[in-house]
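Visitor: Quick one: structure below, then a few questions.
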């Protein structure tokens, strides 16, 4: 099972405050542990929302672009991991080892093809497999 582990933004991350050398070293050690265990598929920090944008879609499919920053930091993401583990309990155990203090982490399971049932037809599965192979070839993943 794949899970997205979402690191919530706070005032510091939204103000562009960079981690200290010690914090980077702790995070590097944690990431190394995830990689050695074979559970980390991806993990990145994100720039503040002031460098981002939101695209809103109306009922007719029209769009409106809203540039950051966005006011409510509780609703923003500062970084993420994608972990592949055997259970929800396992991902929780990994997250409990993360070198955070006074933060909140959200864990969400990523859909797999089987989760979509019969609506995910053999043709759509074939298309998905082809797209994943193309992305892997383009980016060497």
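Laboratory data are not the source of any read-out in this text; all were calculated from the coordinates shown. No experiment lies behind these values; they were computed from the predicted model shown. Cβ atoms come from the backbone with ideal geometry, glycine included; neighbour counts cover every protein chain shown.
Visitor: For Kirkwood radius over Cα pairs in Å, several values are listed as [x] 18.1; [y] 17.7; [z] 17.0; flag the one computed from this structure.
Guide: Looking at Kirkwood radius over Cα pairs in Å for this model, the match is [y].
Visitor: Still on this model: Tell me, what is the FRET efficiency for residue 77 and residue 131 to the nearest 0.05, using R0 = 22 angstrom and their Cβ-Cβ distance as r? Intermediate values should be presented prior to the final figure.
Guide: Details: r = 24 Å, r/R0 = 1.11.
Plugging the Cβ-Cβ distance into 1/(1 + (r/R0)^6) gives 0.35.
Visitor: Assuming R0 = 35 Å, can you tell me the calculated FRET efficiency for the pair residue 59 and residue 35, based on Cβ-Cβ distance, to the nearest 0.05? Present the calculation step by step, with values, prior to reporting the outcome.
Guide: Values: r = 44 Å, r/R0 = 1.27.
E between residue 59 and residue 35, to the nearest 0.05, is 0.20.
Visitor: Modelling each spin label as a point 7 Å along the Cα-to-Cβ direction, I'd like the residue 2/residue 24 distance in nm, to one decimal.
Guide: In this crude label model, residue 2 to residue 24 measures out at 2.9 nm.
Visitor: Further, regarding this structure: Quickly work out the residue 50-to-residue 12 label distance, labels modelled 7 Å from Cα along the C-beta direction, and quote it in nm with one decimal.
Guide: 1.7
Visitor: Semi-axes of the equivalent ellipsoid for region 4-51, please: Cα gyration tensor eigenvalues, times 5, square-rooted, ordered largest first, whole Å.
Guide: Values: eigenvalues 103, 38, 11 Å².
Working from the Cα gyration tensor, I get semi-axes of 23, 14, 7 Å.
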